[in-house]
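Note sheet for the following structure.
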Amino acid sequence: MSYIRFKLRQLLQRMWFLPAAFSALAVLTVVIAYILARFAPDELPFVMPANAVQSILQILASSLLTVAVFALSTVVGALSSASSATTPRAVPLVAGDLRAQTSISVFIGAFLFSIVGIIGLSAGLYSEAGRLFLFVVTLGVLVLVVAALIRWIGQISAIGRVGNTIDAVEKATHDALAVMAEHPLLDGRLLDGEPQGERITALKPGYVQHCDTVELQRLAEEHDLTLAVLARPGAYATPVRPVLAVEGSFGQDVAEELAACFVIGDTRSYDSDPRFGFVVLGEIADKAMSAGINDPGTAIDVIDTVTRLLLEFEDEKEDAKHDRVFVARLDPADVLEDVFRPLARDGAHIVEVMIRLMKCLETVAACNPSFAGAARALGEDALERAEGAMKSPRDSAALRRSSAWID
């Protein structure tokens, strides 16, 4: 993923972006209606009174502000619900839901359209042709508002719910896996063995959100360097945890340029970091099994979701678009531990959860060869934890039957 594409994806996920874009479009529409009216013929088939358009705009302006405030309060409540019922790490996905943002954007944009239109009519800026164009546009805005209201009714019944949040995390993880499949090894070469060369640390501590391998390749060619990426997106970079190993001669200015190729943030990002999605799913399942919630069904739902994602997980094959940049593959054991270690630790005493976990690991081991060894190792660990936590011999026997595939 290029740096520009990464920034655009982040911009689209900002809750303010779509409302701001729709608001600018609404104001632009009113201006365009005024400009087009100058090219209209002198004689029109009928004349549109100013008060006819203005009355419609006044109804829209007075009602849509209330609707927009209500929609925003619903989203705020959904964010709070998602944070308390699942995990705070899932809140950005709920806030970045384009369907909810589009509905709110229509309400706010239509409100501003109405206000600007009323101001123009009150100031006498529109001719007869301008009022006609404005009336046609107003009818179109009215249709958009009605459609947005109908769509919003369906959305408010799901937004912020546990199932909807799990689906949002699954989609984000699926998209990250698709990005990884499209750009395996960040379009670099496979790093096999211990990297050599001088270590370079990030410009500030934090999580790697993006690695611009295009710029790394350009700098490597310009200064005749060989680079090994030590911190893929999702890694935590500090002064003692370098992000890059460099073979070749270079100065301090080049080192700073190389370090600047890594976008560092305070939190992890879903865009190029599929492991983060698995971490969040594990947190949702782990929280569902807490004493205060006690919802093993949600944990089982998460396990089923993870099973689907792991079956999509493709082993990264070397593409070598950037022949001077080396990147290590993601470790299957790390991926499985991200999501299943909390389950194996805190759900060891719940036989239903552990049986479903064993079925998931069996499926992954059989259908995704790159995960076979890691799935068996994690299955052995989960079985050992469960046998020590379960008090019923019958539960232990049922779990052993479901884990027979490990032997």
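Quick notes
- Any hit, the range 293-306, residues being buried (at least 16 other Cβ atoms within 10 Å of the Cβ) and touching a His at 6+ places or on another chain (Cβ under 9 Å): no
- Test: residue in the range 202-212 that is of a type in the set (Phe, Trp, Tyr), closer than 27 Å to residue 75 by Cβ and in a helix (DSSP H, G or I): no
- When residues of the range 191-213 are limited to those that are more than 22 Å from the chain's Cα centre (by Cα) and of a type in the set (S, T, N, Q), the one nearest to residue 277 (Cα to Cα): 201
- When the range 154-169 is filtered for residues that are loosely packed, with under 12 Cβ neighbours inside 10 Å and at pLDDT below 85, the ones remaining, listed by number, are 154, 157.
- Candidate set from the range 154-190 (those that are charged (D, E, K, R) and in a helix (DSSP H, G or I)); member that is farthest from the chain's Cα centre (by Cα): 187
- For the range 131-142, the count of residues that are over 16 Å from residue 27 (Cα atoms), surrounded by fewer than 22 Cβ atoms within 10 Å (Cβ to Cβ) and either assigned by TED's automatic domain parsing to the domain that holds residue 289 or in contact (Cβ under 8 Å) with a residue 24 or more places away in the chain (or both) is nonzero.
- Filter result (assigned to a helix (DSSP H, G or I), β-branched (Val, Ile, Thr) and under 27 Å from residue 287 (Cα atoms)) within the range 85-111: 91, 94
- Residue 199 satisfies every condition listed in (1) closer than 30 Å to residue 293 by Cα; (2) in a strand (DSSP E or B) except (1).
- Single match in 281, 225, 216, 258 (criterion: among the hydrophobic types (A, V, I, L, M, F, W, C), crowded, with 16+ Cβ neighbours inside 10 Å, within 24 Å of the chain's Cα centre (by Cα) and not assigned by TED's automatic domain parsing to the domain that holds residue 343): 281
- Every test in (1) surrounded by fewer than 19 Cβ atoms within 10 Å (Cβ to Cβ); (2) in a loop (DSSP other than H, G, I, E, B); (3) touching a Ser or Thr at 6+ places or on another chain (Cβ under 7 Å) is passed by residue 151 save one, and that test is (2).
- Taking helices (runs of 4 or more DSSP H) as the structural unit, those lying wholly within the range 309-397 and holding at least 3 residues that are surrounded by 16 or more Cβ atoms within 10 Å (Cβ to Cβ) and among the acidic types (Asp, Glu) correspond to 332-346.
- Failed condition for residue 265, given (1) under 28 Å from residue 14 (Cα atoms); (2) surrounded by 21 or more Cβ atoms within 10 Å (Cβ to Cβ): (2)
- All positions within the range 279-305 that are part of a loop (DSSP other than H, G, I, E, B) and of a type in the set (A, V, I, L, M, F, W, C): 289, 291, 293
The values are calculated or read from the model by the stated rules, or taken from the named source; none is laboratory data. Worth saying up front: this structure is predicted, and the values here are computed from it rather than measured. Cβ: placed from backbone, ideal geometry, glycine included. Neighbour counts: every protein chain shown.
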